[in-house]
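One structure is given here, and the rest of the page talks about it.
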Amino acid sequence: MFIERMLVKQFRHLRDVELGPFRQPAEIGELIVLAGPNGSGKSSLLELLSLGIATRYNYQYYQARQISNHAFGIKIALADSELAELEAQASDEAVLEYARRNRGYWVHVNLPSVFGPNEQGVNDRVHAAASHEFANFARRLGFFIRSDRSYGARSYRRDHIFNWKTREQP
């Protein structure tokens, strides 16, 4: 699974932002860098991402956030191998048809416009089937989110953050 797209209607000071589509990552992985001046929304995007994924995976985290004035959607795409595994395991034909057609599913907060007419229910069933099939979701997505402010405390060598040699070894 990988994040294919993010639509932000409203989150903190971000308005009408679209990121992606991102392509299916290679086996070695991809590096996406968020860079910009202070106050440009880098941390907001990362919090939005964690909140969007926590919507289903960490209810306590989700409930601790005030979300009534936020609206965003995150499309989780299925890799070819994951779609094949889902096809082999799932028996709900509507789930399989939706997963094949969309090659994934959406998680959203107050943004039902990411779905076609009458598709939210089947989208949620695809999410449930994928979550059941690929139970270790966070590891599969491969996230490591941390502000660079925390590197100092761990004696992290900031001069090696973009060292291409370490990228060759996952």
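Read-outs: derived from the displayed coordinates by stated rules, not from any lab. Values in this document were obtained by computation on a predicted structure and should not be read as measured data. Here the Cβ positions follow ideal geometry from the backbone for every residue, glycine too, while neighbour counts run over all protein chains shown.
Tally Lys and Arg at +1 and Asp and Glu at -1 over the other residues with C-beta under 14 Å from the C-beta of Glu87: what net charge comes out?
Surrounding charge for Glu87 is -4.
Which distance in nm do the two modelled labels at Ser43 and Glu97 give, with both placed 7 Å along the Cα-to-Cβ direction? With each label point 7 Å from Cα toward Cβ, the separation is 4.7 nm. In the neighborhood of Asp16, defined by Cβ-to-Cβ distances under 15 Å, what is the net charge if each Lys or Arg adds +1 and each Asp or Glu adds -1? Around Asp16, the surrounding residues sum to +3.
Remark: spin-label model distance Val17-Gln89 equals 3.3 nm, labels positioned 7 Å along the Cα→Cβ axis.
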